[in-house]
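Data block below; observations after.
The values are calculated or read from the model by the stated rules, or taken from the named source; none is laboratory data. Quick caveat, the model's predicted, so the values are computed rather than measured. Glycine also receives a Cβ, built like all others from the backbone with ideal geometry; neighbour counts cover every protein chain displayed. Heavy atoms of the whole protein, side chains included, go into the accessibility calculation; ligands, DNA and RNA do not. Shrake-Rupley method; radii C 1.70, N 1.55, O 1.52, S 1.80 Å.
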Amino acid sequence: MSDFSGSTFSAHAWGRNQPIYDAIRTMPFNNALADGTLSLERFRHYMVQDAHYLIAFGRGLAIAAAKADDPDGLVQFAEAAKVAVVVERSLHADFFQSFGISPDDFARTEMSPVCHHYTSFLVGTAHAEPYPVVLAALLPCFWIYAEIGRDILGRAVRPNPYDAWIDTYAGEEFHEAVRAVIATTDRAAAKASPDVLARMHEAYKRACQLEWMFWDSAWREADWPV
């Protein structure tokens, strides 16, 4: 586990929401992913929904780029938006093929209720809120994935059917990008008013809760009830 002590927004946000991270780290989906027993059906559900999610995440990042308060932020989040879409496409080319998901399967599968809620929250926040709040809403997807990837790597059974997923999110390249997003969010928070800072914390917490719900939804293979 990294050291998140300090007086920055990110340190405060992580500390306040540590119980949510701990719940994600120990939830059935991630335990089964680590020990290689996660069913293909559950992983397929997760991957299809993640592909839907990444398209909306890319849109949120693009809006963050447009709202950036300096050229560095514009470049950072425009590039991150591009990467999100490239990763989504690579899911089709690599993971989808490896796990037996055809393009028609993806096209026929709607967003799950949780994926729909999460993506609507991100895109709505990106449009409606100021730049610092947008960053706070986007940050948990980067940060929690990085920490979960490292945590699973440390306890994963190898070889594992999900080695490629584990290696992607535990890799240093991804963690370097996450540290850059944390730093940008902290810089934005340092200039934010008390009201905006409070909204940043609200957005960060909601996104953390939705991260838990996303994995839980995949574990339950949840769909629209009616």
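Okay, here's what the table says:
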read-out: Order by protection proxy (mean Cβ within 10 Å, highest first), peptides 23-32, 199-208; value: 199-208, 23-32
read-out: Reference-scaled alpha-carbon Rg (2.2 N^0.38 Å with N residues) for the chain; value: 0.98
read-out: Around F43: net Lys/Arg minus Asp/Glu count, Cβ-Cβ under 14 Å; value: -4
read-out: Label-point gap, in nm, between E173 and S39 - each point 7 angstrom along Cα→Cβ; value: 3.4 nm
read-out: On Cα atoms only, tilt of 131-155 relative to the major axis of the chain in degrees; value: 40 degrees
read-out: Cα radius of gyration and Dmax for region 57-157 (Å); value: 15.6, 44
read-out: Protein accessible area in region 56-102, 1.4 Å probe - carbon and sulfur %; value: 60 percent
read-out: Potential lengthening between D72 and T26 on full extension [0.36 nm per residue; Cα-Cα distance subtracted]; value: 12.9 nm
read-out: At 0.890 mPa s and 25 °C, Stokes D of region 116-202 from Kirkwood alpha-carbon radius, µm² per second; value: 171 µm²/s
read-out: Cα convex hull of region 87-143 - mean projected area over all directions, nm²; value: 5.0 nm²
read-out: Cα gyration tensor category, rounded, prolate or oblate, for region 1-131 with a/c compared to 1.5; value: oblate
read-out: For region 119-163, average projected area of the Cα convex hull in nm²; value: 4.0 nm²
read-out: Calculated P(r) tail over 21 Å for region 45-112, as whole % of Cα pairs; value: 32 percent
read-out: Alpha-carbon centroids, region 98-153 and region 173-208: separation in whole Å; value: 16 Å
read-out: Spin-label zone in region 40-75 - amide nitrogen under 20 Å from a point set 7 Å from the Cα of K191 along the C-beta vector; value: 61-75
read-out: Solvent exposure of region 29-153 as accessible area per residue, Å², 1.4 Å probe; value: 41 Å²
read-out: Difference of contour (0.36 nm per residue) and Cα-Cα distance, A222 to V157; value: 20.7 nm
read-out: Taking the chain and dividing mean pair separation by its residue count, relative contact order in percent (alpha carbons under 8 Å, at least six apart); value: 33 percent
read-out: With Cα atoms, 0 to 90° folded angle of helix 40-67 axis to the chain main axis; value: 20 degrees
